[in-house]
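The values are calculated or read from the model by the stated rules, or taken from the named source; none is laboratory data. Computed from a predicted structure; not experimentally measured. Positions of Cβ are backbone-derived with ideal geometry, glycine not excepted, and every protein chain shown enters the neighbour counts. Quick note on the areas: whole protein, heavy atoms, side chains included, nothing else; ligands and nucleic acids left out. Shrake-Rupley method; radii C 1.70, N 1.55, O 1.52, S 1.80 Å.
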Amino acid sequence: MTLTDQQQLVRDWLARRNAILLAHNYQPPEIQDIADFLGDSLALSITAAKTPAEVIVFAGVHFMAETAAILCPDKTVLLPRLDAGCFMADTITPEALKARKAQLPGVPVVTYVNSSAAVKAESDICCTSANAVKVVNSLTESRVLMVPDRNLALYTAARTDKEVLYWEGCCNIHDALTAREVQDCRAAHPEALFLAHPECRPEVLALADAIRSTSGMLAYVRQSPAMEFIIGTEMGILHTLQKQNPEKIFYSPSRNLLCPDMKRISLDDIVLALKENRYQITLPDDIRLKARKAVERMLAVPRD
Ligand code: 13P
Ligand code: SF4
C-alpha cells in the first residue's frame with residue numbers, strides 16, 4: 001500500500017520514538033490502514049499488555065488508553081486527543097457504583113471495559129463484548145451486577161444460568177438502532193446476513209444472524225460463504241470489512257451508527273502526540289492497582 005505523506009510522517013515518528021500505534025476498528029480509514037495493530041477492546045488490551053515498545057499511541061477513546069496505562073505503568077501511553085471520550089463510560093461514576101454495591105453485599109461487579117479506571121477499581125472483574133458470557137460464567141456466585149451497559153447485561157443474562165443485575169447505562173450510538181431500521185434494511189437486501197454488536201437493544205439482537213464484538217464480526221465475515229451483510233455496529237468497521245473482503249457487499253442499517261468520539265483523532269494529532277509527548281495518560285497508583293486486578297482477572301479467563 002502506498003502511504004500518503006502524512007501517513008509516512010506518522011510511521012517515521014513512531015519509529016523515532018520506538019512507539020506502537022494501536023487502533024480500534026471504528027477509527028478513520030487513514031488511521032486503520034497504518035496501525036501496527038487494529039482490533040476490538042479485548043485484543044487491544046492484550047496487545048498493550050504484551051508490547052515491547054516504549055510508547056503506546058492509542059487511536060481510540062479515553063477508556064482504552066486508560067486500560068493500556070493500567071496494564072503498562074512503565075510505558076508512555078499517549079492519547080492524541082483528550083476529548084475522545086465515550087458516552088457509555090460517562091453513564092457511571094465510582095461514587096454511584098459504590099452506593100449500588102452497598103445495597104448488594106456479596107454480589108460481584110462485572111464491569112465492561114467501556115468505563116473509567118476509577119470505576120474498574122471498584123469492580124471484581126472486567127469484561128468486553130467478546131468475552132462477557134465467559135467472564136460471568138467464570139464466577140462462583142449465582143448473582144452478579146453488570147455495569148454500565150444494560151444491553152450487554154441483557155445479552156449475557158440470556159446466555160447464562162446466573163441472575164444478572166444491571167445498570168441503566170448504554171452506548172447512545174448502538175442503543176439508537178431500531179428493529180424497524182434493521183427490518184427495512186433486510187427488506188431492501190433480502191440475501192444479506194445481519195450481524196449485531198451486543199451493545200444493541202434486545203429486540204435488535206433478536207433479529208441477528210450472529211452477535212459479535214467488532215473483531216468477531218471481521219472474523220465471521222472472512223469465513224462466511226455469504227456475500228452480503230448488514231452491519232449493526234459503528235460504521236467505521238466497514239472500511240476494514242470491505243478491504244478484507246473486496247468481493248462482498250456491506251450495508252449499514254442506519255446513518256446514525258457513527259460515534260463522533262471515535263473520529264476525533266487525525267493523523268496530524270498523532271504526529272503532534274509523538275512530537276510533544278501528549279496527552280500522556282497516567283493514573284494514581286491506588287486506582288491503577290485495583291483496576292489492574294479486575295482487568296488481569298478478565299485476561300486470565302480462558303478464551304476459545
Ligand atoms: P468492541 O470493539 O470491543 O466490540 O467494542 C465496541 C465499542 O463500542 C468500543 O467502543
Ligand atoms: Fe463509547 Fe459507543 Fe462510541 Fe463505543 S461507540 S466509544 S461505546 S459511545
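Kindly write out, for region 161-175 in residue order, the coupling ³J(HN,Hα) from the Karplus curve 6.51 cos²θ - 1.76 cosθ + 1.60 (θ = phi - 60°), rounded to whole Hz, with x marking Gly and Pro.
Listing the rounded values in order: 7, 7, 7, 10, 8, 9, 9, 8, x, 6, 8, 5, 6, 6, 5 Hz.
Over region 196-253, what percent of the accessible surface lies on carbon and sulfur atoms, probe 1.4 Å?
So the carbon and sulfur contribution to the accessible surface is 55 percent.
Quick one: what Rg and Dmax do you get for region 61-136 from the alpha carbons, in Å?
My reading of the Cα-based Rg and Dmax gives 13.3, 40 Å.
Principal axes first, then extents: for the Cα atoms of region 42-170, list largest minus smallest coordinate on each axis, whole Å, largest first.
Its Cα atoms span 42, 26, 22 Å along the three principal axes.
What's the ranking of 152-162, 125-135 by average number of surrounding C-beta atoms within 10 Å, highest first?
125-135, 152-162
Summarise the accessible area of region 38-190 (1.4 Å probe, protein heavy atoms) by the percent that is carbon and sulfur.
After summing per-atom areas, the C and S share lands at 50 percent.
Can you pull out the GluC sites (Glu not before Pro) in region 1-69 whose DSSP state is coil and whose Cβ has at most 14 other Cβ atoms within 10 Å?
Qualifying residues, ordered by number: 54.
Please state the charge dipole magnitude for the chain, taken about the Cα centre, from unit charges on C-beta atoms (+1 on K and R, -1 on D and E), reported in debye and rounded to the nearest 20. Display every interim value, and only then the final one.
On the way: 33 positive and 37 negative charges, 113 e Å.
Dipole magnitude for the chain comes out near 540 debye.
Between 102, 84, 118, whose Cα lies farthest towards the positive end of the dipole of region 79-121 when Lys and Arg beta carbons carry +1 and Asp and Glu beta carbons carry -1, centred on the Cα centre?
Going by the charge dipole, the pick is 102.
Using the crude model of +1 on Lys and Arg Cβ and -1 on Asp and Glu Cβ, and no other charge, please compute the dipole size for region 74-222 relative to its Cα centre, in debye to 20.
The calculation lands at about 260 debye.
Mind pulling the per residue volume of the convex hull built on the Cα atoms of region 184-298? Å³ is fine.
Enclosed volume per residue, from the Cα hull, is 162 Å³.
Based on the Cα atoms of region 95-152, what semi-axes does the equivalent ellipsoid have, where each is the square root of 5 times one gyration tensor eigenvalue, given in whole Å with the largest first?
Values: eigenvalues 55, 42, 16 Å².
Equivalent ellipsoid of region 95-152: 17, 14, 9 Å, largest first.
Among DSSP beta bridges lying fully in the chain, give the percent that are antiparallel, nearest 5. Intermediate results must be reported in sequence, preceding the final value.
On the way: 1 of 32 bridges.
Taking every DSSP beta bridge with both residues in the chain, the antiparallel ones total about 5 percent.
Cα atoms only, region 30-96: Rg and Dmax in Å?
Cα radius of gyration and Dmax of region 30-96 are 12.4, 40 Å respectively.
Let me spell out the model: positive unit charges on the Cβ of Lys and Arg, negative unit charges on the Cβ of Asp and Glu, origin at the Cα centre of region 100-171. What dipole size does that give, in debye rounded to 20? Don't jump to the answer; show the numbers that get you there.
Numbers: 8 positive and 7 negative charges, 9 e Å.
Computed about the Cα centre, the dipole is about 40 debye.
Give me the accessible area per residue for region 105-197, probe 1.4 Å, as a whole number in Å².
Result: 37 Å² of accessible area for each residue.
Just subtract the alpha-carbon distance of residue 189 and residue 172 from 0.36 nm times their residue separation and send over the number in nm, one decimal.
Numbers: separation 17, 0.36 × 17 = 6.12 nm, distance 2.58 nm.
Taking 0.36 nm per residue and subtracting the Cα distance, the gain is 3.5 nm.
For the chain, what does -39500 (n - 2.57) per DSSP helix run (n ≥ 4), summed and divided by total residues, give at 222 nm, in deg cm²/dmol to the nearest 500?
It lands at -11000 deg cm²/dmol.
Using modelled amide H (1.01 Å from N, peptide plane; none on Pro or chain starts), what sits under 5 Å from the amide H of residue 125, excluding residues fewer than 5 places away?
For residue 125, the qualifying residues are 109, 111.
Could you work out the relative contact order of region 54-145, using alpha carbon pairs under 8 angstrom and six or more residues apart, expressed as a whole percent? Show your work: numbers first, answer last.
Details: 123 pairs, mean separation 22.8, N = 92.
Over region 54-145, the number comes to 25 percent.
If you build a Gaussian network model of the chain, linking Cα atoms that sit under 10 Å apart, which residue out of 266, 138, 215 swings the most?
138
Taking amide hydrogens as modeled 1.01 Å from N in the peptide plane, which residues meet the under 5 Å criterion relative to residue 230, leaving out close sequence neighbours?
Amide H to amide H, under 5 Å and 5 or more residues apart or across chains, residue 230 pairs with 193, 194, 195, 251.
Once you sort the root eigenvalues of the Cα gyration tensor of region 253-304 as a ≥ b ≥ c, which label holds: rounded (a/c under 1.5), prolate (a/b larger than b/c) or oblate (the other case)?
oblate
Over all alpha-carbon pairs in region 1-47, figure out the percentage whose distance exceeds 17 Å.
Result for the distance tail: 35 percent.
If one computes P(r) from the Cα atoms of the chain, what percent of pairs lie at distances over 27 Å?
41
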